[in-house]
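Report on the following structure.
The values are calculated or read from the model by the stated rules, or taken from the named source; none is laboratory data. Please read all numbers here as calculations on a predicted model, not as lab measurements. No Cβ is skipped: glycine too gets one built from the backbone with ideal geometry, and neighbour counts run over all protein chains shown.
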Amino acid sequence: MKIYESINLAIMENEKSIDDWELNSLAWELYWWVDFFNIAFYKDQPVPIPVISFSRTKISSLGHYVIGRNAFGIKENINLNTAHLNRPSWEILSTLLHETCHSWEHCYIIQENKTKTWYHSKAYREKMLSFGILCNEKGHHKEIGDPFVFLLKKHGVFFGSNTIIDGTIKISPRTKPKGKSKLKKWTCGCTNIRVAVKEFEAKCLKCGNKFELVS
């Protein structure tokens, strides 16, 4: 199968070449790892070259694979949530591998056995396990081990103080992250409300007091 569309290749080269973009180095590195994953893991079932985008999405999401084509008509779009780019390299790479596995699934697994909505199919989970990553039906990583850990260490990825026992890292359950709400609290004395506008002029119909911003 053809492993890229011309637009994907053009966007990849653009992301790797522009030196006035703060994510240039990260993009270059991640595209290298996609090639490496194809060689080391996917082998005779390579995933297409994706367009790797970086934008802030809901705080609970580390990244996502766009099924079909995105708003620009581009196929094979993997987005990494910029809210979580401060994680260690091995964690970002495990997310990248996770999303490329969705691409593999949509390329090679028959329709009735593919992941639907948030559910991660048996075929998907078995493929991830072959890489050394145990994940549940919601896609949460529970354990990360060899060959993923071995190959990343071999290529200079540092795992820090994480406890690796028999080549396996136990992943602690993630606490539900909290996003930064734009809603501000205002009160009239008898009623509290939250609004997103910077300037808010209103009076309470119950007590007649003007709403004031709660600092």
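The table below gives the values:
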item: Residue in segment 87-102 that is among the polar types (S, T, N, Q) and touching a residue at least 60 places away in the same chain (Cβ under 8 Å) present; result: yes
item: Counted residues, segment 126-172 - those being in a helix (DSSP H, G or I) and more than 17 Å from the chain's Cα centre (by Cα); result: 12
item: Residue in segment 25-41 that is over 26 Å from residue 141 (Cα atoms), at pLDDT 95 or above and touching a Pro at 6+ places or on another chain (Cβ under 9 Å) present; result: no
item: Test set (1) surrounded by 16 or more Cβ atoms within 10 Å (Cβ to Cβ); (2) touching a strand residue (DSSP E or B) at 6+ places or on another chain (Cβ under 6 Å); (3) more than 29 Å from residue 69 (Cα to Cα) - residue 162 fails condition number; result: (1)
item: Condition check for residue 115: without any contact (Cβ under 8 Å) to a residue 40 or more places away in the chain, of a type in the set (Ser, Thr, Tyr) and assigned by TED's automatic domain parsing to the domain that holds residue 142; result: yes
item: Members of segment 26-67 found to be among the aliphatic types (A, V, I, L, M), under 11 Å from the mean Cα position of the chain (by Cα) and surrounded by fewer than 15 Cβ atoms within 10 Å (Cβ to Cβ), listed by number; result: 59
item: Selection status of residue 75, assigned by TED's automatic domain parsing to the domain that holds residue 134 and either free of Cβ contacts under 8 Å to residues at least 12 places away in the same chain or exposed (fewer than 14 other Cβ atoms within 10 Å of the Cβ) (or both); result: no
item: Restricting segment 126-142 to residues that are surrounded by 15 or more Cβ atoms within 10 Å (Cβ to Cβ) and out of contact with any Cys (no Cβ under 6 Å at 6 or more places or on another chain), the residue that is nearest to residue 32 (Cα to Cα); result: 131
item: Flag for residue 100 being crowded, with 19+ Cβ neighbours inside 10 Å and at pLDDT below 95; result: no
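Residues checked against (1) at pLDDT below 80; (2) in the same structural domain as residue 40 (by TED's automatic domain parsing); (3) acidic (Asp, Glu):
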{"position": "149", "(1), (2), (3)": "no, yes, no"}
{"position": "154", "(1), (2), (3)": "no, yes, no"}
{"position": "159", "(1), (2), (3)": "no, yes, no"}
{"position": "162", "(1), (2), (3)": "yes, yes, no"}
{"position": "166", "(1), (2), (3)": "yes, yes, yes"}
{"position": "175", "(1), (2), (3)": "yes, no, no"}
{"position": "186", "(1), (2), (3)": "no, no, no"}
